[in-house]
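Here's the structure we're looking at; comments come further down.
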Amino acid sequence: MPDPHRSGCPINLTLEVLGDKWSLLVIRDMMFGSRRHYRELLGGSEEGISSNILADRLKTLLAAGIISRQDDPSHKQKGIYSLTEQGIELLPILAQMAGWGYKYLPVSEELGIRARLLTEGGPTMWAEFMDELREIHLGVKRRKKAGPGVGERLQAAYREVVAAKAAEARKT
């Protein structure tokens, strides 16, 4: 049987799994937005993914081993999606993409703050965040550090910018 892939190039093979924006945005929302249910993924992002595209991307990511799905114990027809180790290890790639976009593209202040912090924090921050994701998605216990975790710090920075923009808008 012939190889279904166009080539054995690692960039090509990665793009065959992750080469559309929706797959990366689903992973982004799971990592940075703590979205783990279908409805959260469907309605939670600004980009407005359609239900048929979301269902297709979840199926693709499941088949590739980037995410997993378990039944939700609170509702028999719902599932909880989790990042696998493969999915978690995409964090540095997303951080690099975000940093590049922050540097070269007209990102909004509120959506760019996390990219700036991840760029400034670099690989040390990424490793800490991946450990947090392993605990959340894989149940791997980690040694807790004093103070808020990376995910909490990123969310707090985002909320702070949003609040400052809202206060500024009320003044005008």
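The values are calculated or read from the model by the stated rules, or taken from the named source; none is laboratory data. Nothing here was measured: the structure is a model prediction, and the numbers come from that model. Backbone-built Cβ (ideal geometry, glycine too); neighbour counts: all protein chains shown.
Looking at 112, 139, 122, which one is farther than 18 Å from residue 30 by Cβ and surrounded by fewer than 16 Cβ atoms within 10 Å (Cβ to Cβ)?
Values: 112 fails: surrounded by fewer than 16 Cβ atoms within 10 Å (Cβ to Cβ); 139 fails: farther than 18 Å from residue 30 by Cβ.
122 is the lone residue from the list that is farther than 18 Å from residue 30 by Cβ and surrounded by fewer than 16 Cβ atoms within 10 Å (Cβ to Cβ).
I need a count of the residues in the range 72-111 that are at pLDDT 95 or above, among the small types (Gly, Ala, Ser) and more than 13 Å from the chain's Cα centre (by Cα).
Final tally of qualifying residues: 2.
Which one of the conditions (1) farther than 20 Å from residue 93 by Cα; (2) in contact with a helix residue (DSSP H, G or I) (Cβ under 9 Å, 6 or more places away or on another chain); (3) touching a residue at least 40 places away in the same chain (Cβ under 8 Å); (4) aliphatic (A, V, I, L, M) does residue 55 fail to meet, given that it meets all the rest?
The single condition residue 55 does not satisfy is (3).
Check the range 107-120 and report whether any residue there is touching a residue at least 24 places away in the same chain (Cβ under 8 Å) and either at positive phi or small (Gly, Ala, Ser) (or both).
There is no residue in the range 107-120 that is touching a residue at least 24 places away in the same chain (Cβ under 8 Å) and either at positive phi or small (Gly, Ala, Ser) (or both).
List the helices (runs of 4 or more DSSP H) that sit entirely inside the range 65-172 and contain at least 1 residues that are of a type in the set (Asp, Glu) and more than 23 Å from residue 46 (Cα to Cα).
Counting at least 1 such residues, we get 85-88, 109-133.
Given the structure, is residue 164 over 19 Å from residue 34 (Cα atoms), surrounded by fewer than 15 Cβ atoms within 10 Å (Cβ to Cβ) and in the same structural domain as residue 16 (by TED's automatic domain parsing)?
no
Can you tell me how many residues within the range 136-150 are at pLDDT 95 or above and either assigned by TED's automatic domain parsing to the domain that holds residue 36 or not hydrophobic (A, V, I, L, M, F, W, C) (or both)?
Going through the range 136-150 one residue at a time, the tally reaches 1.
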